[in-house]
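A short reminder: the numbers here are calculations on the coordinates, not readings from a lab. The model shown is predicted, which means the values in this text are computed figures rather than measured ones. Cβ sites come from the backbone with ideal geometry, for glycine too, and all protein chains shown count toward neighbours.
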């Protein structure tokens with residue numbers, strides 16, 4: 001009998017209308033543990049983590065009519081903040097750019113853009129003797145724990161250890177700003193610490209927006225600079241994801257799309273200045289009618305009219321949820337699903353209801369089999385992505401299990 005079963009299993013019958021009790025399983029259990037592909041890569045992270053896995057089925061599923069994910073268990077051994085979203089960007093602008101006339105072209109520039117960051121969680125602290133001074137991305141149990149790391153990030157950074165590493169692009173300045181958690185409002189606040197230098201009014205600060213093209217280019221440059229100067233061994237540089245910043249994660253949600261200080265919306269002043277944007281600066285930029293006859297084109301900064309508090313409070317609360325769901329993509333999906341992030345082969349969006357270092361268990365509450373699928377399945381490959389479309393990386397020690405229900 002065993003020999004007969006082995007013979008049947010080794011055969012792959014031609015497709016066609018038939019009913020077969022051996023090649024039409026009604027349940028499929030697939031596991032990342034069954035993928036033993038050896039990863040050899042110049043990027044050492046790829047040898048320690050995975051985002052995709054594949055299973056060769058011991059018996060193919062032939063003439064499949066529908067498939068549904070009926071159970072999933074996915075570990076969540078993640079930091080609270082994705083490593084791609086750990087850089088806070090801000091502008092430090094000379095106050096002279098606001099007086100005697102508003103010179104907008106000099107404000108939102110690379111020369112004025114700065115950052116502080118949490119170092120990626122994959123960095124090896126033992127490879128840099130200054131590691132105790134740096135803020136690292138990790139699992140934060142609460143806002144206060146995050147605040148403790150941000151204090152270190154604002155004071156020290158590996159790039160600062162090698163200054164001047166790139167005088168034309170001064171990304172990091174030790175102690176230039178503070179990111180502070182306020183337990184009363186339960187929000188983070190942003191302070192520019194060098195508004196006055198030697199008792200002279202010198203700088204104006206503003207947190208940058210995630211749609212700012214200057215920020216988008218700076219993210220790429222930071223990845224290059226950090227790989228050269230961070231000195232943490234052969235590990236990937238500071239990661240980034242377009243339109244995702246630590247500003248957003250901390251609750252500073254201004255998008256930065258409108259950086260026009262002339263009034264295009266909001267409530268214009270007599271000098272034609274966009275007050276909505278002007279009051280995002282700290283100290284708030286107070287404009288009055290310029291002395292010269294240039295209606296709508298000038299703005300005079302009056303330091304006597306600004307508030308004495310140079311703090312900017314975040315618009316909302318910090319987000320310490322790594323991802324709200326895991327999007328599971330499978331190779332056998334054809335036109336059965338679509339999604340706004342990747343538009344390809346989505347099997348299911350699995351809600352993440354576990355804490356960091358926990359496991360999410362998913363069972364659908366409604367039956368919704370997919371029918372527009374590949375009907376001859378010999379192998380299944382799976383890809384995992386976050387709610388922002390970033391790869392959901394799991395360590396090789398974490399096991400993903402999926403159970404599929406099939407009809408024929």
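General observations
- Förster radius 22 Å - calculated FRET efficiency between residue 186 and residue 361 (Cβ-Cβ, nearest 0.05): 0.15
- Which of 243, 392 has the fewest Cβ neighbours within 10 Å, and the rest in rising order: 243, 392
- Full-stretch length increase - residue 144, residue 35 - with 0.36 nm per residue and alpha-carbon distance subtracted: 35.2 nm
- In a fully extended conformation the segment linking residue 131 and residue 378 would gain 84.0 nm over its present Cα-Cα distance, using 0.36 nm per residue.
- Centre separation in Å (Cα based) which lies between region 191-228 and region 106-155: 14
- The calculated FRET efficiency for residue 344 paired with residue 202, based on their beta-carbon distance and R0 = 45 Å, is about 0.30.
- By the count of neighbouring beta-carbon atoms within 10 Å, fewest first, 334, 73 end up ordered 334, 73.
- Between residue 227 and residue 396, the contour length at 0.36 nm per residue exceeds the alpha carbon distance by 58.4 nm.
- Note on residue 217/residue 255: beta-carbon distance plugged into 1/(1 + (r/R0)^6) with R0 of 25 Å gives a FRET efficiency of 0.90.
- Shape category assigned to region 172-237 from the gyration tensor of Cα positions, a/c cut at 1.5: prolate
- For 361, 172, 229, the sequence from fewest to most other C-beta atoms within 10 Å is 361, 229, 172.
- Working from label points 7 Å from Cα in the Cα-to-Cβ sense, the residue 354 to residue 241 distance is 1.9 nm.
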